[in-house]
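The values are calculated or read from the model by the stated rules, or taken from the named source; none is laboratory data. Because the structure is a prediction, the values reported are computed rather than measured. Ideal geometry is used to build each Cβ from the backbone, glycine not excepted, and the neighbour counts take in all protein chains shown. Note: accessible area is taken over every heavy atom of the protein model, side chains too, but ligands, DNA and RNA are not part of it. Shrake-Rupley method; radii C 1.70, N 1.55, O 1.52, S 1.80 Å.
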Amino acid sequence: MGTDGVVPPIFDPEKARDQKNLLNIIEKGGLSELIFDKQSLEDSDSDYNKYIRYKHSDDATAIFIKLCGS
């Protein structure tokens, strides 16, 4: 669960394929990896032309809890 600022602009959180890819990033590198990837994309687009947005970067707040069952 997280704010919209957690999702890198190349992903659509409504698409199942992108949801799976986001989960893979989180499971491999944690939320910090996902946020790093997002900020790197935004940093690479300093004129806001490739990834349309109102400001350089939005807040990125998230929590990931993996429940392990028997």
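Summarise the accessible area of the chain (1.4 Å probe, protein heavy atoms) by the percent that is carbon and sulfur.
That share works out to 54 percent.
Can you give the extra length, in nm with one decimal, that the chain gains between residue 28 and residue 1 once fully stretched, where that is 0.36 nm per residue apart less the Cα-Cα distance?
8.0 nm
Of the labelled options (i) 31, 23, 22; (ii) 36, 28, 19; (iii) 50, 21, 18, which one gives Cα extents along the principal axes in Å as computed for this structure?
(iii)
Under 8 Å for C-alpha pairs, at least 6 residues apart: give me the relative contact order for the chain, rounded to a whole percent.
This gives 45 percent for the chain.
Which residue, 44, 30, 60, has the largest displacement toward the positive end of the dipole of the chain when charges sit on each Cβ (Lys, Arg +1; Asp, Glu -1)?
Among 44, 30, 60, the one farthest towards the positive end of the dipole of the chain is 30.
With r defined as the distance between the Cβ atoms of residue 15 and residue 49 and R0 fixed at 30 Å, what FRET efficiency is calculated, to the nearest 0.05?
For residue 15 and residue 49, the calculated efficiency is 0.80.
Short version: ³J(HN,Hα) in whole Hz for each residue of segment 24-41, in order, from phi by Karplus 6.51 cos²θ - 1.76 cosθ + 1.60 (θ = phi - 60°), x for Gly and Pro, what are they?
Couplings: 4, 4, 5, 5, 7, x, x, 5, 4, 5, 4, 5, 4, 4, 4, 5, 5, 4 Hz.
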